[in-house]
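A.B. asks: Take this structure, written in structure tokens, and hold onto it; I'll ask about it next.
The values are calculated or read from the model by the stated rules, or taken from the named source; none is laboratory data. A quick note: this is a predicted structure, and the numbers were derived from the prediction, not measured. Counting neighbours? That spans all protein chains shown, and the Cβs are built from the backbone with ideal geometry, glycine included. Just so you know, the surface numbers come from the protein's heavy atoms only, side chains and all, with ligands and any DNA or RNA stripped out. Shrake-Rupley method; radii C 1.70, N 1.55, O 1.52, S 1.80 Å.
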Amino acid sequence: MAAPNLSRMAFRSSKLLARPSHLLSAQLLMQMQSPSPLTRKMSVDAHSVASQLNSSGLLRTQGLIGGKWSDAYDGKTIKVYNPATGESIVDIACMGGRETNDAISAAYDAYRSWSKTTAAERSKFLRKWYDLLMVHKEELAQLITLEQGKPLKESIGEINYGAGFIEFAAEEAKRIYGDIIPAPLSDRRLFVLKQPVGVVGAITPWNFPLAMITRKVGPALACGCTVVIKPSELTPLTALAAAELSIQAGIPAGVVNVVMGNAPDIGDALIASPQVRKITFTGSTAVGKKLMAGSAETVKKVSLELGGNAPCIVFDDADLDVAVKGTLAAKFRNSGQTCVCANRIIVQEGIYEKFANALRDAVQNMKVGDGFSEGVAQGPLINEAAVKKVETLIHDATSKGAKVILGGKRHSLGFTFYEPTVISDVNSEMRISREEAFGPVAPLLRFKTEEDAIRIANDTNAGLGSYIFTNSIQRSWRVAEALEYGLVGVNEGVISTEVAPFGGYKQSGLGREGSKYGMDEYLEIKYVCLGNMNKE
Ligand code: NAP
């Protein structure tokens, strides 16, 4: 099966209409029976975007194994949905263990030659891939908005950010240096070589459909590893388009493989295989722990980028405008669905009321809607389960005394749209303070002293992103050092970049991605001792 063509897309739509109504989702059925002008517009946008992508060859529906696009061996498919409309975009191959084992074999075979290429050669391939990602920036961004829902402007930001990891890896490939160690004996020479770990299994989530992949695959390929990627079944299309561009960049068959579908089967196959030498995972802490435990069987290297519970501390001496702007970005980006989204906004008592009012006013101005519509700042949540979680956490908080000062319910647009929400009088005992909300809810907690703020902020098993707003240089150093977090933003709400290390303390993960530190995750260190140097 090749990439779907325009007529197939049209056929899919008519087939959908002809299907008995009980096979259609209630949402989609409602929409077809009485389409509002808004849903009609969304529909047209989504279909025209899919058509354009299709004609540029970037709308792929099959997995990639050893350089060949492949259906699931049993022909199974699953649907990918547009979260803004509830409509299905396309059917994709639903793969499992057998396809994964073949992808591992392909990656293992390709590793023999890819690991022997020079750093300069790998750098050129990666640079070409980066160039193609940038050439197709608009289409890839549309694909992200289509399957993930974030506003188009944010999707374009993700392409720049995601492609940046490939560019950085292309440059860094040439700087994987070893060492010479002064020997303790005169007839010896001691060397340290850095070599690729081997085949890498890369499992990624839906919230950044491109960037979570490139920040693993860029350094892996730069170091000489080959990869089997498993994107989320909710957002596989961006991953497949990126894989198509890796082929167009000339990256040899088998170096990049993609399988998607039955997550536990694919995960089990990756873990069980002794040929896979590393698992790199971004996603929930619960799944990360399973993969870590499973990897023990074959003692694989493991990198984990897991859930967060980011504190955002606003001190009395903060610049109010900077704090509100920073909090807005840290909290509501991607509808609150990032691992570094501010989860607890901890505000000092002197500025609490002023800050709460200013934040509420700023959030009130955010336009909610389909990510393709002009001026939209917040798209839908990824699915119904995500909305239910937000509802549950808000209900728990309000039942224990928190007050909704803005939003607090589903948006009138329906589907999985939720109103941007601010709630006050939250405390550390409420579930919303202890769990990652992963939605557009800003819970405000109150504190008295700097020590209180640090204690509240560190009172969690997570340790990924954190933010401080203060005008005191001394305080910013003190608090940044005291926070048990892998990332600290001072007077800034968006701090992720490919040139800096990203990763968590405590149960937020192991290892770092991005920057020179991210390269080490894909390298083995080999010590070579050359003896008997004085012998002729
Ligand atoms: P998730 O449910 O853990 O899914 C992540 C990936 O794991 C998906 O590809 C999923 O596949 C797959 N998966 C699920 N069960 C599996 C299993 N038994 N074996 C192997 N793979 C399995 O997480 P999510 O809900 O997609 O993502 C949200 C979470 O990711 C949040 O906690 C967020 O904080 C975290 N996150 C962390 C970072 C970071 O850098 N630390 C970045 C982004 C997100 P399917 O989707 O196909 O089921």
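A.B. asks: Among the residues of region 99-141, what is the count of those that are within 18 Å of Ile166 (Cα to Cα) and not in a helix (DSSP H, G or I)?
C.D. replies: Total satisfying the criteria: 4.
A.B. asks: Follow-up question, since we're still on this one. Every residue in region 208-244 that is over 15 Å from Thr280 (Cα atoms), open to solvent by 10 Å² or more (accessible area, probe 1.4 Å) and within 12 Å of the ligand (Cβ to nearest atom), please.
C.D. replies: Phe208, Glu233, Leu234
A.B. asks: Now a separate question. Hey, Val363 hits all of (1) more than 21 Å from Ile144 (Cβ to Cβ); (2) open to solvent by 10 Å² or more (accessible area, probe 1.4 Å); (3) more than 14 Å from the ligand (Cβ to nearest atom); (4) in contact with a helix residue (DSSP H, G or I) (Cβ under 9 Å, 6 or more places away or on another chain) but one; which does it fall short on?
C.D. replies: Single failed check for Val363: (2).
A.B. asks: Of the residues Phe281, Phe315, only one is buried (at least 21 other Cβ atoms within 10 Å of the Cβ), of a type outside the set (S, T, N, Q) and either over 30 Å from Asn101 (Cα atoms) or more than 11 Å from the ligand (Cβ to nearest atom) (or both); which?
C.D. replies: Details: Phe281 fails: either over 30 Å from Asn101 (Cα atoms) or more than 11 Å from the ligand (Cβ to nearest atom) (or both).
Just one listed residue meets the conditions, Phe315.
A.B. asks: Another question about this same structure. When region 294-308 is examined, which residues are found to be surrounded by 14 or more Cβ atoms within 10 Å (Cβ to Cβ) and within 15 Å of the ligand (Cβ to nearest atom)? If you could, list the steps in order and put the result at the bottom.
C.D. replies: Residues of region 294-308 that are surrounded by 14 or more Cβ atoms within 10 Å (Cβ to Cβ), as a first pass: 294-295, 298, 300-308.
Within region 294-308, Gly294, Ser295, Lys300, Val302, Ser303, Leu304, Glu305, Leu306, Gly307, Gly308 qualify.
A.B. asks: Could you tell me whether any residue of region 185-204 is of a type outside the set (D, E, K, R), open to solvent by 10 Å² or more (accessible area, probe 1.4 Å), away from the ligand (no atom under 16 Å from the Cβ) and in a helix (DSSP H, G or I)?
C.D. replies: no
A.B. asks: Follow-up question, since we're still on this one. Could you list all residues from region 505-528 that are open to solvent by 60 Å² or more (accessible area, probe 1.4 Å) and under 23 Å from Ile181 (Cβ atoms)?
C.D. replies: Within region 505-528, Lys516, Tyr517, Asp520, Glu524, Ile525, Lys526, Tyr527 meet the criteria.
A.B. asks: Looking at region 144-170, which of its residues are of a type in the set (Asp, Glu), out of contact with any strand residue (DSSP E or B) (no Cβ under 6 Å at 6 or more places or on another chain) and either surrounded by fewer than 24 Cβ atoms within 10 Å (Cβ to Cβ) or in contact (Cβ under 8 Å) with a residue 60 or more places away in the chain (or both)? Steps first, please.
C.D. replies: Kept after step one, since they are of a type in the set (Asp, Glu), are these residues of region 144-170: 147, 154, 158, 167.
Next cut, out of contact with any strand residue (DSSP E or B) (no Cβ under 6 Å at 6 or more places or on another chain) only: 154, 158, 167.
Within region 144-170, Glu154, Glu167 meet the criteria.
A.B. asks: Right, Glu374: farther than 18 Å from Ala480 by Cα, of a type in the set (D, E, K, R) and assigned to a loop (DSSP other than H, G, I, E, B) or not?
C.D. replies: Values: farther than 18 Å from Ala480 by Cα: yes; of a type in the set (D, E, K, R): yes; assigned to a loop (DSSP other than H, G, I, E, B): yes.
Taking the combined requirement at face value, the residue satisfies it.
A.B. asks: Same structure, new question: Is it the case that some residue within region 330-343 is assigned to a strand (DSSP E or B), within 16 Å of the ligand (Cβ to nearest atom) and either more than 22 Å from Thr235 (Cβ to Cβ) or touching a helix residue (DSSP H, G or I) at 6+ places or on another chain (Cβ under 9 Å) (or both)? Even if it seems obvious, please write down each step before you answer.
C.D. replies: Residues of region 330-343 assigned to a strand (DSSP E or B): 342-343.
Then keep just the ones that are within 16 Å of the ligand (Cβ to nearest atom); that gives 342-343.
Retained after the next criterion (residues that are either more than 22 Å from Thr235 (Cβ to Cβ) or touching a helix residue (DSSP H, G or I) at 6+ places or on another chain (Cβ under 9 Å) (or both)): 342-343.
Within region 330-343, one or more residues are assigned to a strand (DSSP E or B), within 16 Å of the ligand (Cβ to nearest atom) and either more than 22 Å from Thr235 (Cβ to Cβ) or touching a helix residue (DSSP H, G or I) at 6+ places or on another chain (Cβ under 9 Å) (or both).
A.B. asks: Could you give every pair whose Cβ atoms fall below 8 Å, whose first residue belongs to region 131-143 and is farther than 19 Å from Trp206 by Cα and open to solvent by 50 Å² or more (accessible area, probe 1.4 Å), and whose second residue is modelled with pLDDT of 95 or more and not in a helix (DSSP H, G or I), counting only separations of at least 6 or pairs across chains?
C.D. replies: Listed pairs, sorted by first residue: Asp131/Ala249.
A.B. asks: Please specify each residue of region 245-275 satisfying the condition of being open to solvent by 10 Å² or more (accessible area, probe 1.4 Å), within 16 Å of the ligand (Cβ to nearest atom) and part of a loop (DSSP other than H, G, I, E, B).
C.D. replies: If the condition is that a residue be open to solvent by 10 Å² or more (accessible area, probe 1.4 Å), within 16 Å of the ligand (Cβ to nearest atom) and part of a loop (DSSP other than H, G, I, E, B), then Asn262, Ser273 are the ones that fit.
A.B. asks: Related question: If I filter region 332-359 down to residues being closer than 16 Å to Tyr485 by Cβ and not small (Gly, Ala, Ser), which single residue comes out as surrounded by the fewest Cβ atoms within 10 Å (Cβ to Cβ)? Even if it seems obvious, please write down each step before you answer.
C.D. replies: So in region 332-359, the residues closer than 16 Å to Tyr485 by Cβ come out as 338-346.
In the following step, the residues that additionally are not small (Gly, Ala, Ser) were identified as 338-341, 343-346.
Values: Thr338: 22, Cys339: 29, Val340: 24, Cys341: 29, Asn343: 29, Arg344: 25, Ile345: 27, Ile346: 25.
So, considering only residues that are closer than 16 Å to Tyr485 by Cβ and not small (Gly, Ala, Ser), the one surrounded by the fewest Cβ atoms within 10 Å (Cβ to Cβ) is Thr338.
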